[in-house]
Every structure is written in structure tokens, then in C-alpha cells.
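Have a look at the structure below, then the notes.
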Amino acid sequence: MIDVCLVSSKDGQLRSCTASGHAGYAAKGSDIVCAGVSSLLRTVHCLLESDAGISLLADSSEPGSLAFQVQYCDGASEALLVHCCDFLKCGIKLIADEYPDHVSLRVKTE
């Protein structure tokens, strides 16, 4: 199972994201559940990493895992963090609702 944990601030900004595990829906390389979750997470990671106003601490050293934490955000990039948090909550929830035995989503507010 893929376990995704999103942490947001009280105003909805994404603070951190961790994902680990394997969906186990299909064989490696053919797993649509894994591909869907990976696409969402990697897209958000790429967007945040490319924004000059955001500094991330990221780790994808283990197969089947991705973690990133916002270390710094200037005022101009706060809206992007809110949108990325909403995007991940919606996208991962849709997949978890359709494949509950393969994806779990936890959302925390700090």
C-alpha cells in the first residue's frame, strides 16, 4: 500500500509531504495506481522545486518513497503552496477512494 501524509499550515499552505510503499495493484511497470500517485507527487515536487521563492528539503533515496518539506517560502509563493496542497489532497483522495486497498491518505494541520 502507498501511504501518503500531507501536512499543511492553518492557512492551507503545504508544509510537507511523505509517500512510501508500493501500491501492489499490478506488476512493477504496469501499476496504474502507482503511476497515478507518482505523477501527482512528482509534478508538485517539480513545481515547488522550480519556484525561486521556495526552498525544499527533499529525499527520494529509497525506492518507492518521496518526501519533501518546505524550508522557506517568500510571500509571493504562498499561494502556490496553497494550490499545491489542494491539488494533492484532491488528486490523492480520488485515487485512494477508488483504490482503498492500495492507497491511504492522511492529512494533518500544524
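A few points about this structure:
- Looking across region 1-12, the residues that are closer than 21 Å to E78 by Cβ and surrounded by 20 or more Cβ atoms within 10 Å (Cβ to Cβ) come down to L6, S8.
- Applying the criterion of being more than 15 Å from L41 (Cα to Cα) and charged (D, E, K, R) to the residues of region 63-110, the residue that is nearest to the chain's Cα centre (by Cα) is K108.
- Evaluating R106 against the criteria (1) touching a helix residue (DSSP H, G or I) at 6+ places or on another chain (Cβ under 7 Å); (2) of a type outside the set (S, T, Y); (3) within 16 Å of V4 (Cβ to Cβ) leaves one unmet condition, (1).
- Count of residues meeting criterion [among the hydrophobic types (A, V, I, L, M, F, W, C), out of contact with any His (no Cβ under 8 Å at 6 or more places or on another chain) and not in a strand (DSSP E or B)] in region 1-28: 2
- Residue count for region 18-28, restricted to those that are under 11 Å from H102 (Cα atoms), open to solvent by 40 Å² or more (accessible area, probe 1.4 Å) and of a type in the set (A, V, I, L, M): 1.
- Which numbered condition S39 misses (of (1) closer than 18 Å to V107 by Cα; (2) out of contact with any strand residue (DSSP E or B) (no Cβ under 9 Å at 6 or more places or on another chain)): (1)
The values are calculated or read from the model by the stated rules, or taken from the named source; none is laboratory data. Since this is a predicted model, take the numbers as computed values, not measurements. Glycine also receives a Cβ, built like all others from the backbone with ideal geometry; neighbour counts cover every protein chain displayed. Quick note on the areas: whole protein, heavy atoms, side chains included, nothing else; ligands and nucleic acids left out. Shrake-Rupley method; radii C 1.70, N 1.55, O 1.52, S 1.80 Å.
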